[in-house]
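The values are calculated or read from the model by the stated rules, or taken from the named source; none is laboratory data. Because the structure is predicted, anything quoted here is derived from the model rather than measured. Note that each Cβ is placed from the backbone with ideal geometry, even for glycine, and that neighbours are counted across all protein chains shown. Heads up: the accessible areas ignore ligands, DNA and RNA and are worked out on the full protein's heavy atoms, side chains in. Shrake-Rupley method; radii C 1.70, N 1.55, O 1.52, S 1.80 Å.
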Amino acid sequence: GDSVTQMEGPVTLSEEAFLTINCTYTATGYPSLFWYVQYPGEGLQLLLKATKADDKGSNKGFEATYRKETTSFHLEKGSVQVSDSAVYFCALSGAAGSARQLTFGSGTQLTVLP
Amino acid sequence: EAGVTQFPSHSVIEKGQTVTLRCDPISGHDNLYWYRRVMGKEIKFLLHFVKESKQDESGMPNNRFLAERTGGTYSTLKVQPAELEDSGVYFCASSQDWTQATQYFGPGTRLLVL
């Protein structure tokens with residue numbers, strides 16, 4: 001079945017550091033890929049998505065590129081802020097016409113220190 | 001436009017009691033999903049409604065869990081009787097139609113079974 005493997009945390013960075021959170025997946029066909037974020041005390045928010053190979057999703061300075069050849073969707077940000085402290089989840093959804101429920105990675109806790 | 005709402009935000013009950021969680025999806029969204037995150041592990045799919053019909057309930061852990069979506073609007077998830085291992089965060093999400101992979105999540109209900 002589908003699965004998502006996400007870099008284990010927790011990750012602690014200083015403000016303005018570069019962030020990478022690795023995510024690889026196993027799925028049949030061409031899934032859609034997502035990054036969700038959960039800020040302290042809040043629910044899940046969609047951060048960015050990509051629906052086909054070589055697409056780049058971006059939002060709030062975060063980026064991730066759908067790499068079919070390496071089955072990866074790594075999350076990056078050039079300069080993190082304290083406000084980016086949150087739990088980040090990589091997820092996939094089956095291709096159109098197949099099951100659409102999300103399969104999540106285990107989440108990565110990010111703490112950014114001032 | 002109002003987002004996905006969930007009630008209650010927190011619930012603390014004793015083992016053997018019954019709890020009912022409610023989810024109101026975004027207006028016009030036919031697809032409604034339930035997920036849960038137990039003990040800080042990955043978020044797991046429970047079930048998927050299309051309007052009032054259960055499209056996929058393969059993730060429901062056992063027959064102590066009952067989900068309904070009468071009239072195709074809001075949904076309830078009842079746990080009866082609750083066990084200690086049911087503690088976790090229960091998320092609800094909705095999407096507009098079958099072709100839309102993007103799901104919008106509610107804030108979650110934090111359930112603690114003592």
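Atom-type composition of the exposed protein surface of the stretch A:1-113 places 48 percent of the accessible area on carbon and sulfur (1.4 angstrom probe). Other residues whose C-beta falls under 11 angstrom from the C-beta of A:LEU47 contribute a net charge of +1, scoring Lys and Arg +1 and Asp and Glu -1. Counting every Cα pair in chain A, what percent are over 21 Å apart? That fraction is 31 percent.
Lysine pairs in the stretch B:6-114 whose alpha-carbon atoms fall under 25 angstrom of each other, counting only those eight or more residues apart or on distinct chains, come to 8.
For B:THR20, what charge total do you get from the other residues with a beta carbon under 12 Å from its beta carbon, if Lys and Arg give +1 and Asp and Glu give -1? Net of charged neighbours comes to +1.
If a spin label sat at a point 7 angstrom from the Cα of B:ALA2 along the line to its beta carbon, the backbone N atoms of the stretch B:12-27 nearer than 18 Å would be those of B:21-27.
Summed over all non-identical Cα pairs, the Kirkwood treatment of the stretch B:7-114 gives a radius of 13.8 Å.
How big is the A/B interface in buried accessible area, both sides summed, 1.4 Å probe, to the nearest 100 Å²?
1700
Treat the stretch B:45-95 as a sphere of radius equal to its Kirkwood radius over Cα pairs and apply Stokes-Einstein at 4 °C in a medium of 1.567 mPa s; give the translational diffusion coefficient in µm²/s, rounded to a whole number.
The estimated diffusion coefficient comes to 111 µm²/s.
Bridge orientation summary for chain B: considering DSSP beta bridges with both residues in this region, about 90 percent are antiparallel.
The dipole here belongs to the protein assembly as shown: it is taken about the Cα centre, uses +1 on the Cβ of Lys and Arg and -1 on the Cβ of Asp and Glu, and is about 300 debye. Model label points for A:ARG67 and A:VAL82, set 7 angstrom from Cα along the Cα-to-Cβ axis, are 3.4 nm apart.
Going from the chain on its own to the full set of protein chains, the stretch B:18-45 has these residues losing 40 Å² or more of accessible surface (heavy atoms, 1.4 Å probe, no ligands, DNA or RNA): B:ARG37, B:GLU42, B:ILE43.
Placing a pseudo-label 7 Å from each Cα along the Cα-to-Cβ vector at A:THR12 and A:THR26 gives an inter-label distance of 3.3 nm. The fraction of all Cα pairs in the protein assembly as shown landing in successive 10 Å bins from 0 to the largest distance is 8, 33, 35, 20, 4, 0, given as whole percents. Work out which residues of the stretch A:24-44 lose at minimum 20 square angstrom of accessible surface when the other protein chains are put back, relative to the chain isolated, with a 1.4 angstrom probe, and list them by number. In the stretch A:24-44, residues shielded by partner chains: A:PHE34, A:TYR36, A:GLN38, A:GLY43, A:LEU44. Take the Cα of B:SER53, step 7 Å toward its Cβ, do the same at B:THR18, and the gap between the two points is 2.8 nm.
Of the GluC sites (Glu not before Pro) in the stretch A:1-89, the ones in a loop by DSSP (not H, G, I, E or B) with at most 13 other beta carbons within 10 Å are A:GLU8, A:GLU15, A:GLU16, A:GLU42, A:GLU69. The C-alpha atoms of the stretch B:15-73 occupy a region whose extents along the principal axes are 34, 25, 19 Å, arranged from largest to smallest. Counting only heavy atoms of protein chains, what accessible area per residue, in Å², does the protein assembly as shown have with a probe of 1.4 Å? On a per-residue basis, the protein assembly as shown sits at 47 Å². Assuming R0 = 35 Å, what is the FRET efficiency of B:LEU84 and A:GLN109, from their Cβ-Cβ distance, to the nearest 0.05? Given R0 = 35 Å and the Cβ-Cβ separation, E is 0.90.
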